[in-house]
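Peer 1: Right, I'll just put the structure down here and ask away after.
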Amino acid sequence: MNNVATSATNQKVEGGVLVLTLSSSTEGALVSTDPSQVSPGFEFGYGYAEAKVYFPGSGSTIYNFPAWWTTGQPNWPVHGENDVAEGLGSLTSNYHWGPSADSDTKINNSGTTPGTWSNSWHTYGVLRAAGKNSIYWDGKLVRSYTTYEKGAPHFLLFNVGAGQGPTKTGATGALKIDYVRVWQ
């Protein structure tokens, strides 16, 4: 996931906070609610999903390749992917889709969202509605875009990988999640 293998040993809970670490440039962490991978799993259609997340970095630079996202896999890209907040050197928000599973994937990338998003807690959310998604950071609308997945169920994912921002292993490069909430 995001250019690395994932390992459960890179996941832990400290003081009620989920911590995902990159233990090396080839081994990171992933947490997912995909019903095909975990039981009971969790998916949602239209509604609002929000998480309070701490992205590793310095100033406007985000370390590693961390992300908070939703997807409608296994029929990707037809059922879409919402990268609510994704570290690509800076913090961005992206939407992936395609008309068929064997077609070229299309992407709608926000580019860098201005601000200092590293080394402090912020809330990041996606409002999924018919034909349109809206992304909120700290309660403020940062972007909206047309969607094509027709409300297909999405599950939630958090992961940390390597290959985008500067690579920092261990606690310095950890992605932290305080809470996740979904309203349908």
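Peer 1: Considering every residue within segment 72-82, establish whether at least one is open to solvent by less than 30 Å² (accessible area, probe 1.4 Å) and among the aromatic types (Phe, Trp, Tyr). Reasoning before the result, please.
Peer 2: First, the residues of segment 72-82 that are open to solvent by less than 30 Å² (accessible area, probe 1.4 Å): 72, 77, 80-82.
Those still in the list that are among the aromatic types (Phe, Trp, Tyr) too: none.
No, segment 72-82 contains no residue that is open to solvent by less than 30 Å² (accessible area, probe 1.4 Å) and among the aromatic types (Phe, Trp, Tyr).
Peer 1: So, one more: For segment 21-43, give me each residue that is touching a residue at least 40 places away in the same chain (Cβ under 8 Å) and in contact with a Pro (Cβ under 8 Å, 6 or more places away or on another chain). Let's see the steps before the verdict.
Peer 2: Step one: filter segment 21-43 for residues touching a residue at least 40 places away in the same chain (Cβ under 8 Å), giving 21-26, 28-35, 41-43.
GLY41, PHE42, GLU43 - these are the residues of segment 21-43 that are touching a residue at least 40 places away in the same chain (Cβ under 8 Å) and in contact with a Pro (Cβ under 8 Å, 6 or more places away or on another chain).
Peer 1: Something else about it: Here are the criteria: (1) open to solvent by 60 Å² or more (accessible area, probe 1.4 Å); (2) within 14 Å of the chain's Cα centre (by Cα); (3) modelled with pLDDT under 95. Tell me which single one LYS106 does not satisfy.
Peer 2: (2)
Peer 1: Tally the residues that are among the polar types (S, T, N, Q), modelled with pLDDT of 95 or more and touching a Ser or Thr at 6+ places or on another chain (Cβ under 8 Å), restricting the search to segment 59-81.
Peer 2: 2
Peer 1: Can I ask one more? Taking segment 124-182 only, how many residues are over 14 Å from the mean Cα position of the chain (by Cα), open to solvent by less than 40 Å² (accessible area, probe 1.4 Å) and polar (S, T, N, Q)?
Peer 2: Qualifying residue count, segment 124-182: 3.
Peer 1: What strands (runs of 3 or more DSSP E) lie completely within segment 72-128 and have 3 or more residues being among the polar types (S, T, N, Q)? Steps first, please.
Peer 2: Working: elements: 81-87, 91-97, 106-109.
Per the criteria, 91-97.
Peer 1: Please work out if TRP117 is buried (at least 16 other Cβ atoms within 10 Å of the Cβ), over 24 Å from ASN75 (Cβ atoms), touching a residue at least 24 places away in the same chain (Cβ under 8 Å) and in contact with a Leu (Cβ under 7 Å, 6 or more places away or on another chain).
Peer 2: Values: buried (at least 16 other Cβ atoms within 10 Å of the Cβ): yes; over 24 Å from ASN75 (Cβ atoms): yes; touching a residue at least 24 places away in the same chain (Cβ under 8 Å): yes; in contact with a Leu (Cβ under 7 Å, 6 or more places away or on another chain): yes.
Here the answer is yes, as TRP117 does meet what is asked.
Peer 1: Restricting to segment 129-146, what's the tally of residues that are touching a Gly at 6+ places or on another chain (Cβ under 8 Å), within 16 Å of VAL78 (Cα to Cα) and in a strand (DSSP E or B)?
Peer 2: Going through segment 129-146 one residue at a time, the tally reaches 1.
Peer 1: So which pairs qualify, if the first residue must be in segment 144-162 and under 20 Å from GLY98 (Cα atoms), the second must be open to solvent by less than 10 Å² (accessible area, probe 1.4 Å) and of a type in the set (Phe, Trp, Tyr), the Cβ gap must be under 6 Å, and the two must be at least 6 apart or on different chains?
Peer 2: TYR145/TYR95
The values are calculated or read from the model by the stated rules, or taken from the named source; none is laboratory data. None of these values were measured; they are calculated from a predicted model. We place every Cβ from the backbone using ideal geometry, glycine too, and count neighbours over all the protein chains shown. Ligands, DNA and RNA are stripped out before the accessible areas are found, and what is left, the full protein with its side chains, is counted by its heavy atoms. Shrake-Rupley method; radii C 1.70, N 1.55, O 1.52, S 1.80 Å.
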